[in-house]
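Encoded as structure tokens, the structure appears first; notes follow it.
The values are calculated or read from the model by the stated rules, or taken from the named source; none is laboratory data. On a predicted model such as this, the values are computed, not experimentally measured, just so you know. Quick reminder, even Gly has a Cβ in these numbers, built from the backbone with ideal geometry, and neighbours come from all protein chains shown.
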Amino acid sequence: MFINYTNHPSNNWSQEQKRAAGQYGEILDFRFPDISVLDTEEDLDRLAAKEGERILAALGNEPSAVLCQGEFTFTYRMVDYFRNAVRDGRQFVVLGAVSEREVQEIYQDDETRKQVVFKFRRFRRFF
């Protein structure tokens with residue numbers, strides 16, 4: 001199983017990214033939570049434990065993968081949570097998506113606009 005724990009639903013992914021994720025099995029979307037600027041470190045620790053348990057329950061004991069990307073400090077907590085779960089004998093990897101960022105600047109009428117395109121290239125392990 002491949003858990004997509006991001007704000008980017010897998011039905012919007014490129015065929016290349018779906019193929020890469022599909023190597024781990026069925027893709028299951030888990031929405032990355034909205035993290036408020038008002039959340040404290042303690043709030044994030046509690047949320048990471050809650051979300052981590054929810055995701056581990058979905059994974060079961062099958063060898064699997066979790067794509068974990070979102071707000072940086074919460075992502076760190078989640079990756080750390082999963083790293084500790086792997087040490088306890090769970091069989092899964094935690095991944096980030098590796099993309100190339102192409103930026104095009106468009107100058108028009110005294111304005112500069114940027115168009116950014118991200119092109120998926122592969123997944124990279126956190127640990």
More than 16 Å from A21 (Cα to Cα) and at pLDDT 95 or above: is that true of G52 in this structure? yes
Name the residues in the range 64-112 that are under 12 Å from the mean Cα position of the chain (by Cα), within 19 Å of L28 (Cα to Cα) and either acidic (D, E) or assigned to a helix (DSSP H, G or I) (or both), would you? T75, M78, V79
Condition first: assigned to a strand (DSSP E or B) and hydrophobic (A, V, I, L, M, F, W, C). Now tell me which residues in the range 113-127 satisfy that. V116, V117, F118, F120, F123
Kindly list the number of the only condition in (1) touching a strand residue (DSSP E or B) at 6+ places or on another chain (Cβ under 9 Å); (2) of a type in the set (K, R); (3) modelled with pLDDT of 95 or more that fails for R46. (1)
Given the condition in contact with a Gly (Cβ under 8 Å, 6 or more places away or on another chain), closer than 16 Å to T75 by Cβ and not in a strand (DSSP E or B), answer yes or no: does some residue in the range 40-60 qualify? no
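Hey, can you tell me all the residues within the range 71-116 that are on the phi > 0 side of the Ramachandran plot and of a type outside the set (D, E, K, R)?
The one that is on the phi > 0 side of the Ramachandran plot and of a type outside the set (D, E, K, R): G89.
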Between residues in the range 14-39 that are crowded, with 16+ Cβ neighbours inside 10 Å and modelled with pLDDT of 95 or more and residues that are charged (D, E, K, R) and part of a loop (DSSP other than H, G, I, E, B), which pairs lie under 6 Å by C-beta distance while being six or more apart or on different chains? I35/E71
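If I ask for residues that are surrounded by fewer than 10 Cβ atoms within 10 Å (Cβ to Cβ) and at pLDDT 85 or above, which ones from the range 83-102 would you list?
Residues of the range 83-102 surrounded by fewer than 10 Cβ atoms within 10 Å (Cβ to Cβ): 87-89, 100-101.
Residues satisfying the conditions are E100, R101.
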